[in-house]
Amino acid sequence: MSSIILEARDIRYRYPRGMEAICGISFHIRKKEKIALVGPNGAGKSTLLTMFNGMIRPDSGLMLFDNQPIQYDTASLRMLRKRVGFVLQNPDRQIIAPTVYQDVAFGPTNLGYSETEIKEAVNQALRHVGLEGFERRPPHQLSGGEKKRVAIAGVLAMDPDVLVFDEPTSGLDPSGSEDIMELLDELNHEGKTIIISTHDVELAYPWADRAILMLNGKILKEDIPEVAFGNPESVRKAHLSLPTLLELHMELQKRGFLLKGKKPRTVLDMMHCIETLFENSKKPGRHGIITVCNVDLDNGEYLSKWLSMHTGICTGAMGTRAKQCAENLKIHLDFTYGVIDKCILKALLGEDTLILTTGSMVKRVYLRVDAYGLESGVHIPVHPLTTPEESNEKNEGIS
Ligand code: ADP
């Protein structure tokens, strides 16, 4: 196993006039690892990243680089920043010179390279990121993806051992994002340690060697992605969603399908799992019922009573008002995104569910379940949550 390149020992940090952004974090990162810090906005990812090259100094605890405590004097920081390159989320904040060449040359010039060395470093860095021929271009005329590459080239020109990327694909279109992630892989294959921050689970899951799940300045979980994202409860706690492939794998397992091989990280892995399925199918005898409660029509009293008669039922909420209502009534929510599909999945396992929602989204539940029925031939019952009086009124109307 490779040796440790970065380590944090119980670090804490509070912004001046701010709240504590890093609340006692310890971890280590090994050479040549691909690490994803994953968490919602405000989790503390950027703050933590900026500690890796000494831009922020922890109030307490210790940051180590290459097994040595980071020193914060100017000369030490200059050396550290040569070895730990930092690519900001917004390239406009990183690019400062009027031409691409001058911008990429900025780091090597500051490090005191000779003219020939600077030229060599810039050319090599631009080649690396696929921007040969862009030397004289003004950066502000480039596309978002190209600017990002200029920013990366500026860091690569110093040939760092570790590359830190704050939200590397932020603002890029899907193909621009794929290009950048591919570049990160390439750099990793060349021996660089790569650390990214992201709230994009689908990006982190197949990419990282290890994922560090963060929330409120703390680490919730840290492991290989299959394990870090493998517990739906901790993923929900981190305000994240399960990676689609992992969710699909879990649903297949719940249905009793015997899946061979490892948990899928890629579509290819998934195909391997699916190929093993067909001999092992097992179907539930009954489909679960989805009950829909329009919280605008319910004062909460009946809903609470109904829930007390249906303890343990999986509950989802769609929309801000429904989530607010659940919070007011202290209703535990199992699903807060992709709610209808998750309830359909439960129904297919024979489990009943409750959806709290409002207004036109009530109709959306019926339409989605109907559409699923048409597609699959499986008809899942959906009922509104009605008080006994409402049911009686309806029945009287019918008779
Ligand atoms: P993330 O990168 O996960 O979105 P950040 O590290 O940017 O999270 O922020 C962590 C916490 O620190 C948040 O509560 C945020 O509001 C706060 N914070 C970030 N930057 C500053 C700052 N310059 N001054 C005060 N508080 C800040």
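The values are calculated or read from the model by the stated rules, or taken from the named source; none is laboratory data. Not measured: the values here are computed from a predicted model. Positions of Cβ are backbone-derived with ideal geometry, glycine not excepted, and every protein chain shown enters the neighbour counts. Ligands, DNA and RNA are stripped out before the accessible areas are found, and what is left, the full protein with its side chains, is counted by its heavy atoms. Shrake-Rupley method; radii C 1.70, N 1.55, O 1.52, S 1.80 Å.
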**Residues located in region 337-381, provided they are part of a helix (DSSP H, G or I) and in contact (Cβ under 8 Å) with a residue 60 or more places away in the chain** = 345, 347, 348, 362, 365, 366, 369
**Of residues in region 222-237 being open to solvent by 50 Å² or more (accessible area, probe 1.4 Å) and either assigned to a loop (DSSP other than H, G, I, E, B) or touching a residue at least 40 places away in the same chain (Cβ under 8 Å) (or both), the one nearest to the ligand (Cβ to nearest atom)** = 222
**Message:** Please determine whether any residue of region 12-25 is in contact with a Lys or Arg (Cβ under 7 Å, 6 or more places away or on another chain) and away from the ligand (no atom under 15 Å from the Cβ).
**Reply:** no
**Request:** Could you please give the count of residues in region 162-184 that are away from the ligand (no atom under 16 Å from the Cβ) and either hydroxyl-bearing (Ser, Thr, Tyr) or without any contact (Cβ under 8 Å) to a residue 60 or more places away in the chain (or both)?
**Result:** 12
**Complete:** Exception for residue 103 within (1) away from the ligand (no atom under 16 Å from the Cβ); (2) out of contact with any Gly (no Cβ under 8 Å at 6 or more places or on another chain) falls at (2)
**Message:** Of the residues 147, 119, only one is on the phi < 0 side of the Ramachandran plot, more than 16 Å from the ligand (Cβ to nearest atom) and touching a residue at least 24 places away in the same chain (Cβ under 8 Å); which?
**Reply:** 147
**Request:** Output the residue which, of all residues in region 279-296 that are modelled with pLDDT of 85 or more and outside any strand (DSSP E or B), is surrounded by the fewest Cβ atoms within 10 Å (Cβ to Cβ).
**Result:** 286
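Does any residue of region 50-62 turn out to be in contact (Cβ under 8 Å) with a residue 12 or more places away in the chain, more than 26 Å from residue 140 (Cα to Cα), surrounded by 16 or more Cβ atoms within 10 Å (Cβ to Cβ) and touching a Pro at 6+ places or on another chain (Cβ under 7 Å)?
Yes; the residues of region 50-62 include at least one that is in contact (Cβ under 8 Å) with a residue 12 or more places away in the chain, more than 26 Å from residue 140 (Cα to Cα), surrounded by 16 or more Cβ atoms within 10 Å (Cβ to Cβ) and touching a Pro at 6+ places or on another chain (Cβ under 7 Å).
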